[in-house]
Amino acid sequence: MNNTFKIVFLVGLIIAEVIRFPHRQRNKREMREKKLAESRLNPLDVMLDFLAFGGMEVIPLIYIFTPWLDFANYALPPVLGWLGAVIFVATLWLLWRAHADLGLNWSPTLQITQAHQLVTQGVYHYIRHPIYAAMWLWGIAQVLLLQNWIAGPATLLFYGIVYFRRTPREEQMMLDRFGDEYRAYMQQTGRVIPKLGK
Ligand code: SAH
């Protein structure tokens, strides 16, 4: 059973890379063509992003392809593994949908492009950070799919640090750029959980 869940995770990871690939390529092109109006990035962010990547991809791959972490395995009832699979599918859907809605405004770090537009449609109508919400779902799915004390919680731990540091700074950047428009948008939406009654 455990191997089945490892394969589910691996396939999901590959699909996530396919979803992100064209957006990463486009962003690199924009960076080269200097189409950015603003970029808020410092060495600590680079290090933390690297850590989150380790938690989401590198540590899981080590766990899946080597026996090195097996001493720290745990075993959950199969139904929880399948729940993890369902959550991972939801993660990939949200990641794909959010990228489609955010379009040219996506960037891997805090950036504003010259032609930046505020997106409040699609999944952004409900939450301000659907991509980050997808990362949280990924973290939960990982705990259930990779039943190992090191590989399981790695995303929740490392991505969690990135999230709590990055989100307020991203919102400040959006406020500086879009002002009242973004302030009104914040009233309507939750960060990663939709506001009730809206
Ligand atoms: N936090 C969002 C976007 C992640 S990509 C999410 O989780 O889905 C990061 C970049 O998206 C930021 O640098 C910012 O420039 C841009 N961004 C964030 N929210 C946006 C919005 N509502 N409209 C347009 N661009 C946005």
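The values are calculated or read from the model by the stated rules, or taken from the named source; none is laboratory data. As the structure is a computational prediction, the values presented were derived from the model and not from experiment. Cβ atoms come from the backbone with ideal geometry, glycine included; neighbour counts cover every protein chain shown. The area values use the complete protein model at the heavy-atom level, side chains included, leaving out ligands, DNA and RNA. Shrake-Rupley method; radii C 1.70, N 1.55, O 1.52, S 1.80 Å.
A few points about this structure:
- Once the Cα atoms are used to define both axes, helix 130-145 deviates from the longest principal axis of the chain by about 10 degrees.
- Sparse-neighbourhood loop sites, GluC sites (Glu not before Pro) in segment 1-95 - DSSP loop, at most 12 other Cβ within 10 angstrom: Glu33
- Extreme residue, positive dipole direction of segment 2-188, given options Pro67, Asn2, Phe50 (C-beta unit charges): Phe50
- Counting only protein heavy atoms and a probe of 1.4 Å, the accessible surface of the chain is 69% carbon and sulfur.
- Divide the volume of the convex hull around the Cα atoms of the chain by the residue count and you get 120 Å³ per residue.
- Note that the chain presents 53 Å² accessible area per residue, ligands and nucleic acids not counted, probe 1.4 Å.
- Chain lengthening between Glu38 and Val58 when straightened (0.36 nm per residue, less Cα-Cα): 4.2 nm
- Cα→Cβ-extended label distance, 7 Å offset, between Val18 and Leu175, nm: 4.1 nm
- Shown here for segment 126-198: chymotrypsin sites (Phe, Trp or Tyr not before Pro) in loop regions (DSSP other than H, G, I, E, B) with at most 14 other Cβ atoms within 10 Å, namely Trp149.
- Which of Tyr124, Tyr182, Pro194, positive extreme of dipole for segment 111-198 (C-beta unit charges): Pro194
- For the pair Asp70 and Leu118, label points projected 7 Å from Cα toward Cβ lie 5.5 nm apart.
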